[in-house]
Amino acid sequence: MPTLAHSMAATTRAARTVPVPLGGRSYDVLIGPDLLSEAGRLVAGRLGKARCGVVTDENVARHHLAALEASLKAEGRHKGSIVLPAGEPTKSFRELGPLCERLLELGLERGDLVVAFGGGVIGDLAGFAAGILRRGVRFVQIPTTLLAQVDSSVGGKTGINTPQGKNLIGVFHQPALVIADTDVLKTLPPREMRAGYAEVAKYGLLGDAGFFGWLEQAYDGIFSFDRETLVTALETSVKAKAAIVARDEHETGDRALLNLGHTFGHALEAWTGYSDRLLHGEGVAIGMCLAFRFSESLGLCPPGTAERVTRHLTAAGLPTRLSDIPGGKADAGELVRLMGQDKKVRDGRLTFILVRGIGEAFISRDIDEPAVRDFLAREIAAS
């Protein structure tokens, strides 16, 4: 995994380019300020004369759609825009079918582009639609949340939620280009910014202890939009993900490490009904703390490690315990049942990302379900 030192030695130009090397499916992630105004030129220069159908949500449209449309129109690339409701419920069959029909009504052909302009919800839904439209058209990710810029826009995972669990229906469909404009993050609600930070911290916790140590000192610069700090954090995170995706595009091996905290977190999201009670990044933050505490309880990592992680995520304004979720106590048995729907389940057994220390995550498929239930029961009782 790329280290912080590698990122810090990179060019100090405001904009950075991180390649995702996947042979014929390779693409670049562009990171920097004021890229939205350049989107039309960047798309035209890299992807040819394709026309663009933009998919976004109401919140992003209010702040940024006019700027993107102007940029695309200046290059003769804008075919139309589709604005969907904001929020996790949009990642559903209810929205997928009508979205595909509306993209077809725009007249998009196989050589054209779907532009996913939003956070993880829009990226996952629009990317899935692109993957099945005309049996597959190209798409561009223009992520507008911190979480999407460092995680969900990179790697080609697309999909929707069902009552049985999160992201259980979808396809691997790599974008043709990712444009991460750091300036658009300034319109994010503070809670969304904090939720995205959980995914930034994740890269340090799973494989780069030096990066996590740097974040402990520098994280305030991310929230105050210090340009160099923010771009460095994004570049380091994206390089880490790109390296893992290049080794394991379809999550048959160590790409599962990127799910540190997600087995717990996805179950918590399902338990809260994919509602505003718990944002995805908040579920990941709690899930990572649970993964570290569970690892400590199993004697896998040194005592006090989980407390260090909890202390930092708390300082960043994130929830770290089950009791931080509003609306009542969880039930250990129900959470374990929801974990059983996780995509990483093999032969009916849960797959956990556990840790031997900060930056030392590993995949475990030999954890007994009763041990998980007992651990969660203790966590609930202590809350």
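The values are calculated or read from the model by the stated rules, or taken from the named source; none is laboratory data. Model, not experiment: these values are computed from the prediction. All Cβ positions, even for glycine, are placed from backbone atoms using ideal geometry, and neighbour counts span all protein chains on display.
Some points to look at:
- Filter result for Phe375 (in contact (Cβ under 8 Å) with a residue 40 or more places away in the chain and over 16 Å from Cys289 (Cβ atoms)): no
- For segment 319-335, filtering for residues that are within 15 Å of Glu269 (Cβ to Cβ) and not in a helix (DSSP H, G or I) leaves 5.
- Segment 68-79, residues that are under 30 Å from Asn161 (Cβ atoms) and surrounded by fewer than 16 Cβ atoms within 10 Å (Cβ to Cβ): none
Listed here are the residues, each with its yes/no results for (1) touching a Lys or Arg at 6+ places or on another chain (Cβ under 7 Å); (2) part of a strand (DSSP E or B); (3) in contact (Cβ under 8 Å) with a residue 60 or more places away in the chain.
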{"site": "Gly131", "(1), (2), (3)": "no, no, no"}
{"site": "Arg134", "(1), (2), (3)": "yes, no, no"}
{"site": "Gln141", "(1), (2), (3)": "no, yes, no"}
{"site": "Ala148", "(1), (2), (3)": "no, no, no"}
{"site": "Asp151", "(1), (2), (3)": "yes, no, yes"}
{"site": "Asn167", "(1), (2), (3)": "yes, yes, yes"}
{"site": "Ile179", "(1), (2), (3)": "no, yes, yes"}
{"site": "Leu185", "(1), (2), (3)": "no, no, no"}
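Residue by residue, here is whether (1) in a strand (DSSP E or B); (2) farther than 22 Å from Gly136 by Cα; (3) in contact with a Cys (Cβ under 6 Å, 6 or more places away or on another chain); (4) at pLDDT below 95 holds:
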position: Thr11; (1), (2), (3), (4): no, yes, no, yes
position: Asp28; (1), (2), (3), (4): yes, no, no, no
position: Val43; (1), (2), (3), (4): no, no, no, no
position: Val55; (1), (2), (3), (4): yes, no, no, no
position: Asn59; (1), (2), (3), (4): no, yes, no, no
position: Ala70; (1), (2), (3), (4): no, yes, no, no
position: Gly80; (1), (2), (3), (4): yes, no, no, no
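- Selection within segment 336-370 - modelled with pLDDT of 95 or more and either over 25 Å from Thr252 (Cα atoms) or assigned to a loop (DSSP other than H, G, I, E, B) (or both): Arg356, Gly357, Ile358, Gly359, Glu360
- The residue list Ser224, Ser237 contains one member that is out of contact with any strand residue (DSSP E or B) (no Cβ under 7 Å at 6 or more places or on another chain) and surrounded by fewer than 19 Cβ atoms within 10 Å (Cβ to Cβ), which is Ser224.
- All of (1) without any contact (Cβ under 8 Å) to a residue 40 or more places away in the chain; (2) farther than 16 Å from Ala371 by Cα hold for Gly299 with one exception: (2).
- Consider segment 252-273 and keep the residues that are touching a residue at least 60 places away in the same chain (Cβ under 8 Å) and part of a loop (DSSP other than H, G, I, E, B). The one that is nearest to Ser237 (Cα to Cα) is Leu260.
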